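The values are calculated or read from the model by the stated rules, or taken from the named source; none is laboratory data. If you're wondering where the values come from, they're calculated on a predicted model, not measured in any experiment. Because the Cβ atoms are built from the backbone with ideal geometry, glycine has one as well, and the counts that use them run over all protein chains shown.
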Amino acid sequence: MNDVNEKGFTEILRYLPMRFQNILVKLPSGTKCSIKEIRLRANKPVVAVTEKGCAFLASNSKLSYILNDTMPVITVAEIDDTVKKVCGFSVYTHQNEIVNGFVTLAGGHRVGLCGTAVCDDKTAISIRDINCINIRIANEKAGSAAELISKIFYSGLQNIIIAGAPMSGKTTVLRDLVRQISDGNAGEYYKCAVMDERCEIAAVNGQVFENNVGCNTDVLSNYPKSLGISQAIRTLSPDIIFCDETATECEVDEILNGIMCGVHFAVTVHGNNFEDLLKRNISKRLLNSGLFGYVVLLGERYNLGKIEKIMKVGEIDLEKYGNYDNISDLYSCG
Amino acid sequence: MTLKNTGIMIISLICILAGNYFARRVTERINLLETIKLMIKYIETQIEYTRTPISSLLKCLCENNDFKKLTFLPKIKDDIENGIDLNSSWRKNAGLFIKCSSLHNDDGQLLISFSDILGASDLNGQIQNCETYINLFETKLCSLRQKSEGSVKIYNMLGLMCATFAAIILF
């Protein structure tokens with residue numbers, strides 16, 4: 001596990017300005033492995049997010065949880081250079097991703113970009129004056145979905161919702177679940193399809209997957225999920241489709257439609273706990289459909305991939321969660 | 001006497017070869033400009049159709065035999081792989097290439113300035129940048145082709161005449 005984390009850390013180093021590479025490369029191995037995110041902000045010190053919280057990078061290659069004036073700050077020119085590097089000097093390749101505020105690096109590391117939006121009448125068409133970059137180091141945590149295999153999938157495929165807060169490891173668990181189901185750990189070599197809209201799950205680089213997603217998996221990279229799902233169902237005949245971060249009504253429509261077509265789904269959604277799922281329209285629609293058998297709740301932030309609770313939908317005592325009723329008027333379309 | 005004759009022959013030969021060298025440089029310049037124009041067209045097509053990132057584009061260009069003459073491309077590819085900025089690498093390596101090729105300074109400036117926007121804008125911006133430089137190189141090539149027919153002959157003739165003149169004077 002530590003080797004995997006350090007590999008990810010080394011992979012993202014080359015995108016950083018040289019003087020920070022030199023500082024970061026000298027960090028102790030344990031510290032490198034504990035870093036989940038690196039945040040660069042113009043004229044501010046570099047922030048490393050670890051399991052313990054936010055730490056600042058000191059020039060003596062140490063992380064400090066207390067800010068002081070001697071810490072090296074990143075310049076605007078260095079931010080610009082980093083943006084160029086993360087885009088591979090090819091802004092046009094990533095223009096749609098940039099509008100959505102992120103770029104995915106080789107290895108599946110997600111780079112969040114923050115600046116001033118350039119808008120037309122209705123939507124953002126670009127971002128200018130990027131002043132903040134958040135590099136999130138991807139984790140491959142082999143075995144993080146083992147509990148799901150033994151408790152849910154061993155008796156056959158199921159539709160499941162994996163919920164967790166940001167940084168709780170939803171993508172990590174989903175990736176391991178794909179790998180295990182694809183490699184036959186659920187008792188059969190099921191045909192898997194992955195909607196890798198942000199290229200984080202399989203981390204496709206050219207025609208090669210950099211992350212292990214199993215031997216029987218088709219990956220639709222960069223497809224909008226709603227388009228990818230219908231395409232996969234029509235052309236790839238999957239047994240199960242995996243979707244990360246279901247966030248729009250149209251995606252829910254396609255997922256529910258896919259289940260009606262006889263395909264199983266494993267989806268992730270944001271939500272700290274079951275109450276949150278009941279409050280959010282997206283997760284509420286998924287639960288309300290009655291088509292999902294299990295809800296998997298992940299642990300706290302920074303505790304990557306820790307499964308807190310597995311709930312069988314039919315056995316959930318909804319009274320406990322207050323005013324939960326079947327709100328069918330929330331269904332927008334489909 | 002033999003030494004004198006040998007000297008005359010060597011001088012005449014040098015004159016002929018010099019004329020031939022300058023004539024060949026004109027042809028080489030045209031060929032190089034055509035290859036550069038083809039390279040930009042290739043880049044434009046790849047960007048327009050598949051939005052291929054610059055690193056992959058350079059890899060494809062390096063593997064393509066049509067662009068073997070453009071010896072600066074593999075160096076830029078290596079630089080990018082090592083995290084060096086595209087623009088500074090292009091300026092440095094294209095600059096070195098121009099110095100030891102038959103390209104003129106103004107050709108070189110055009111080649112170098114092509115990289116100013118390369119990769120740094122959206123799809124439409126990239127296509128327009130490529131179109132602009134294709135047109136600029138095409139204009140240059142048109143005038144050069146017109147001139148070249150005459151200048152190749154002139155250089156060869158001048159070389160031959162110098163050789164004959166030197167032989168007559170020295171004999």
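The figures follow:
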item: Enumeration of residues in region A:247-270 that are surrounded by fewer than 22 Cβ atoms within 10 Å (Cβ to Cβ) and not in a helix (DSSP H, G or I); result: A:Ala247, A:Thr248, A:Cys261, A:Gly262, A:His270
item: Residue in region A:19-28 that is β-branched (Val, Ile, Thr), farther than 22 Å from A:Asp81 by Cα and crowded, with 16+ Cβ neighbours inside 10 Å present; result: no
item: Odd one out for B:Lys77 among (1) under 21 Å from the mean Cα position of the chain (by Cα); (2) among the charged types (D, E, K, R); (3) away from chain A (no Cβ under 14 Å); result: (3)
item: For B:Gln128: the one exception among (1) of a type outside the set (D, E, K, R); (2) surrounded by fewer than 17 Cβ atoms within 10 Å (Cβ to Cβ); (3) away from chain A (no Cβ under 14 Å); result: (3)
item: Long-range neighbours under 8 Å by Cβ, at least six apart or interchain, first residue more than 12 Å from chain B (Cβ to nearest Cβ) within region A:70-96, second surrounded by fewer than 21 Cβ atoms within 10 Å (Cβ to Cβ) and part of a helix (DSSP H, G or I); result: A:Pro72/A:Arg19; A:Pro72/A:Phe20; A:Pro72/A:Ile23; A:Ile74/A:Phe20
item: Tally, over region A:58-69, of residues that are on the phi < 0 side of the Ramachandran plot and either within 12 Å of chain B (Cβ to nearest Cβ) or touching a helix residue (DSSP H, G or I) at 6+ places or on another chain (Cβ under 9 Å) (or both); result: 5
item: Residue within region A:105-118 that is within 14 Å of chain B (Cβ to nearest Cβ) and either closer than 13 Å to A:Phe20 by Cβ or surrounded by 14 or more Cβ atoms within 10 Å (Cβ to Cβ) (or both) present; result: yes
item: Test: residue in region A:162-180 that is assigned to a helix (DSSP H, G or I), without any contact (Cβ under 8 Å) to a residue 12 or more places away in the chain and out of contact with any Ser or Thr (no Cβ under 7 Å at 6 or more places or on another chain); result: no
item: Residues located in region A:43-54, provided they are farther than 20 Å from A:Arg110 by Cβ and surrounded by 15 or more Cβ atoms within 10 Å (Cβ to Cβ); result: A:Lys44, A:Pro45
item: Index of the failed condition, B:Tyr21 passing every other in (1) touching a Gly at 6+ places or on another chain (Cβ under 9 Å); (2) more than 28 Å from B:Gly150 (Cβ to Cβ); result: (2)
item: Hits in region A:249-283 (condition: over 26 Å from A:Ala186 (Cα atoms), of a type in the set (D, E, K, R) and modelled with pLDDT of 90 or more); result: A:Glu249, A:Glu251, A:Asp253
item: Residues satisfying the stated conditions in region A:55-67, i.e. surrounded by 15 or more Cβ atoms within 10 Å (Cβ to Cβ) and either touching a Leu at 6+ places or on another chain (Cβ under 7 Å) or touching a residue at least 60 places away in the same chain (Cβ under 8 Å) (or both); result: A:Ala55, A:Phe56, A:Leu57, A:Leu63
item: Residue under evaluation A:Ser221, criteria (1) modelled with pLDDT under 90; (2) within 14 Å of chain B (Cβ to nearest Cβ), criterion not met; result: (1)
